[in-house]
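**Student:** Sending over a structure as structure tokens; questions will come in a sec.
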Amino acid sequence: MFAAFRRRAFSLIELVIVVVIIGIIGAIAIPRMSRGAEGAADSAVKANIAVLRNAVDLYKTEQGSYPTVAKFVDQLTTYTDGNGDTQATKDTTFVYGPYLRAVPPLPVGPQKGLTKVAGSAAADVGWVYNETTGAITPNTGTLADAKGVKYTDY
């Protein structure tokens with residue numbers, strides 16, 4: 001009776017080997033997963049910048065000028081007329097846009113989650129926009145991605 005019970009149990013050596021194998025797998029997997037999260041944030045910044053720049057370029061193509069800093073969100077998320085005036089509904093005068101559903105939130109840095117667009121960096125600003133050139137950059141200061149490239153250089 002005792003012999004049958006002993007054959008079904010694991011020995012201490014077998015348990016130690018299993019724990020070591022799990023530790024090795026964990027040591028390999030955890031750093032890879034954390035790098036994947038960093039890469040995802042970097043990709044999100046690139047994607048959000050591309051969306052914003054495409055919207056600004058389309059607005060410029062249709063309107064002949066870039067959106068203004070003061071009306072940036074309204075001019076890109078509602079209908080506009082040829083003068084850049086905005087309205088929530090489309091009619092025969094307000095035929096352009098909307099170019100965005102909403103301004104995407106900044107996915108990295110101390111201003112993470114902010115959607116505000118301004119002409120200069122500030123604590124409550126997610127995106128910095130230059131209405132003269134149409135350039136838009138994330139408000140991340142000198143913060144860099146996993147490869148050492150500053151987000152503002154994207």
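Bear in mind these aren't lab numbers, they're just calculated from the coordinates by the rules spelled out. What you see is a predicted model, and the numbers here were worked out from it, not measured in a lab. Here the Cβ positions follow ideal geometry from the backbone for every residue, glycine too, while neighbour counts run over all protein chains shown.
**Student:** Work out the charge dipole of the chain with +1 on the Cβ of Lys and Arg and -1 on the Cβ of Asp and Glu about the Cα centre, then indicate which of Val56, Ile28, Ala122 is farthest towards its positive end.
**Tutor:** The residue sitting farthest along the positive end of the dipole is Ile28.
**Student:** If you only keep lysine pairs separated by 8 or more in sequence, or across chains, how many in the chain come under 26 Å at the Cα atoms?
**Tutor:** 16
**Student:** For percent of Cα pairs over 22 Å apart, one of (1) 44; (2) 56; (3) 48 was computed from the structure I shared and the rest are decoys. Which label?
**Tutor:** Step by step, percent of Cα pairs over 22 Å apart for this structure corresponds to label (2).
**Student:** Next question. What is the dipole size for the chain, taken about its Cα centre, with +1 at each Lys and Arg Cβ and -1 at each Asp and Glu Cβ, in debye to the nearest 20?
**Tutor:** 1060
**Student:** Can you tell which of Val95, Ala47, Val18 lies farthest toward the positive end of the dipole of the range 2-140, using +1 and -1 charges on the Cβ of basic and acidic side chains (Lys, Arg; Asp, Glu)?
**Tutor:** Val18
**Student:** What is the extension gain from Ala70 to Asp124, computed as 0.36 nm multiplied by their sequence separation minus the C-alpha to C-alpha distance, in nm to one decimal?
**Tutor:** 17.9 nm
**Student:** Report the relative contact order of the chain, percent, no decimals, based on alpha-carbon pairs under 8 angstrom and at least 6 residues apart.
**Tutor:** Averaging sequence separation for qualifying contacts and normalising by length gives 18 percent for the chain.
**Student:** Could you work out how much longer the chain between Ser43 and Lys90 gets when fully extended? Use 0.36 nm per residue separation minus the Cα distance between them, nm to one decimal.
**Tutor:** Difference between extended and current length: 13.5 nm.
**Student:** Can I ask one more? With both partners inside the chain, how many of the DSSP beta bridges are antiparallel, as a percent to the nearest 5?
**Tutor:** Percentage antiparallel, nearest 5: 80.
**Student:** I'd like the FRET efficiency for Thr152 and Glu62, computed as 1/(1 + (r/R0)^6) with the beta carbon distance as r and R0 of 41 Å, rounded to 0.05.
**Tutor:** 0.90
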